[in-house]
Amino acid sequence: MTRLTRFFHNYAEDTLHYHREMGDAFERRVGMRTLYLCHPRLVEHVLTTGSANYVKGGAYRVVRDVLGEGVFVSTGELWSRQRRLLAPELSAAHLEHHMPALREDLELLTQSWNDCASSQGALDLEQTLSEFSLRLLGHSLLHTSESDTAKLGVITSSMDAKLEQSTKRLLSGGLLQPWLPTPGNVRARVAEQKMTRVIAGLISQARRNAQERRLRDQRVQALVDSQPPAPGPEDSQTGYAIHRSECRDRTRALLSSAHHRAVRLALRCESPSAWEDAAPSLGKGCPFGFDRPRPSDEDERGHQQSVVERMLGAPDPRTGLEMSDDQLHALYRSLFFTGHATLALTVTWSLLCLLHAPLVENQLVAEVRRVLAGRLPRLEDIPKLTYTRQVVLETLRMFPPIPAVSREAREAESFMGVSVRAGETITIPLYVLHRHPRFWADPERFNPGRFGPDQPAPDPFAYMPFLQGERSCPASSLAVLIAVACLATIVDRFQLRARNPGPLRASAKICLRPDPAPEVLVRWRPR
Ligand code: HEM
């Protein structure tokens with residue numbers, strides 16, 4: 001393979017070779033001149049201390065072309081508003097809310113793998129995990145229904161087709177104009193139309209849900225306000241009656257947290273008789289409905305707001321305007337772009353690494369069997385899966401799904417012996433930093449032990465699968481927990497073997513993918 005073909009096939013591996021020859025900072029020209037920074041302290045400057053001078057430029061223009069001004073590429077107030085609203089939803093603390101969707105989707109995943117195991121078949125790992133992560137994103141973040149899930153694949157495949165064409169356009173240096181009737185341009189236009197249609201449907205649904213929620217909340221408010229001043233029950237500890245205002249607050253809290261199913265159903269069906277049936281139960285005192293059965297996971301999820309509904313309910317503080325359809329389109333695209341392949345690839349690479357590490361697999365199976373013993377993970381199981389987490393972290397070191405990021409310098413500057421020109425593209429190769437021999441002992445060895453509790457934490461700029469700084473991944477901790485749950489569920493039930501064992505190979509475009517993908521045989525793991 002020539003240097004150039006190696007670069008285009010897997011620029012991450014190619015950069016690793018260059019780093020060995022050229023050191024921690026070097027320039028290369030492939031199409032355009034790029035400065036590569038491969039030392040944690042240089043990277044720290046670009047991402048944190050000196051970050052005001054470095055923006056998402058260059059390659060991100062291609063992405064902007066496809067995604068619009070979503071959270072991934074936007075800047076300034078538009079970016080910070082989207083990020084602020086998204087962050088709580090994507091935090092690890094929110095895992096509890098994603099758990100019902102996660103368990104449901106893990107169940108579906110294992111069902112399809114059961115079919116494969118019973119027919120002694122082979123699996124396309126990346127494909128099945130990609131379907132899993134797509135379904136999960138739709139269910140847990142966007143609250144898509146089962147029928148919508150089928151359409152989500154259209155978004156990601158259309159996005160891939162558009163990204164490919166936009167990249168070609170960028171590399172053509174202006175020759176490949178979008179209006180030219182080339183097959184690639186036609187494919188990209190069709191892809192854009194399909195993607196727009198599906199997302200528009202999801203947005204209308206989210207707007208309808210948000211409107212229904214607003215009406216319901218107003219009715220709840222009116223109903224609660226119209227209650228007679230009931231003394232309420234006695235507080236079990238103090239013996240004092242709960243005041244009416246407290247009653248109301250607690251009623252509201254209960255209603256909004258989906259505990260009072262009967263009233264919720266009545267509010268939703270809006271028939272006068274249902275209202276009449278429900279109203280007395282509101283007046284009977286607090287705490288309403290504590291003795292009622294908890295609603296099902298499905299019902300619980302139905303009452304939480306999706307990310308998009310939350311965005312619709314939070315108008316711009318300066319203008320008072322709701323997010324426009326264009327902004328919502330960009331939000332959907334950004335979430336699918338950032339969350340879909342990354343999660344699927346993390347679990348795919350973890351399973352592929354295990355094919356080559358039988359001792360690690362044994363230790364992992366022992367832990368998973370102890371904690372899960374054949375059932376789906378529950379929230380409280382996940383912190384106990386400590387070795388599984390180490391396996392995920394080590395996989396993210398060796399095969400970071402996003403192997404490099406780039407920034408563009410606004411102005412010229414010099415720091416730590418490196419000179420940067422105005423407008424220059426800086427590449428930060430995570431793949432190289434994760435294998436830097438000065439920061440990692442035996443970097444080419446898959447060794448989850450390096451993330452053990454007795455080991456020192458790695459340098460945060462030598463290990464950053466989720467990047468560092470203000471543009472780092474807002475879903476970092478959550479994504480690791482989900483990957484842990486998924487890996488544990490699979491390893492507990494299934495044993496994978498490669499049909500043609502050989503070294504793991506990758507290709508890197510935007511993401512780092514197994515290439516060629518080994519054919520993997522799935523069997524039930526003996527108990
Ligand atoms: C293991 C899985 C994941 C990995 C390795 C990962 C990694 C990354 C990295 C490296 C970036 C910075 C990219 C850049 O600056 O070019 C990023 C940004 C981002 N990620 Fe993730 N990610 C993962 C999962 C997710 C998930 C599940 C979501 C949510 C749907 C998500 C949402 C985002 C968003 C919104 C950004 C843009 C942040 C900003 O610019 O402010 N990621 N991710």
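A short reminder: the numbers here are calculations on the coordinates, not readings from a lab. Bear in mind that the values here come from a model prediction, so they are computed numbers and not experimental data. When we count neighbours, we look across all protein chains shown, and the Cβ atoms used for this are built from the backbone with ideal geometry, even at glycine.
Listing for the model above:
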| read-out | value |
| --- | --- |
| Pairs of alpha carbons in region 334-433 whose separation is greater than 20 Å (percent) | 57 |
| Calculated from backbone phi, Karplus (6.51, -1.76, 1.60) coupling profile of region 204-218 in Hz, x at Gly/Pro | 4, 4, 5, 5, 4, 4, 5, 5, 4, 5, 4, 4, 5, 4, 5 |
| Taking N as its residue count, the alpha carbon Rg of region 454-515 over 2.2 N^0.38 Å | 1.49 |
| Links that overshoot a 20 Å alpha carbon limit, given the list Lys194/Lys509; Lys168/Lys509; Lys56/Lys194 | Lys194/Lys509; Lys56/Lys194 |
| Region 42-122: Cα Rg divided by the 2.2 N^0.38 Å rule of thumb | 1.71 |
| Radius 10 Å from Cβ of Ala191, net charge of other residues (Lys, Arg +1; Asp, Glu -1) | +1 |
| Gain in span if fully extended, Arg445 to Arg410, counting 0.36 nm per residue against the direct Cα distance | 8.7 nm |
| Share of pairwise Cα separations in region 487-527, more than 16 Å, in percent | 50 |
| Expected-Rg normalisation [2.2 N^0.38 Å, Cα atoms] applied to region 100-202 | 1.37 |
| Gain upon complete extension [Ala366, Ser477; 0.36 nm per residue less C-alpha separation] | 37.5 nm |
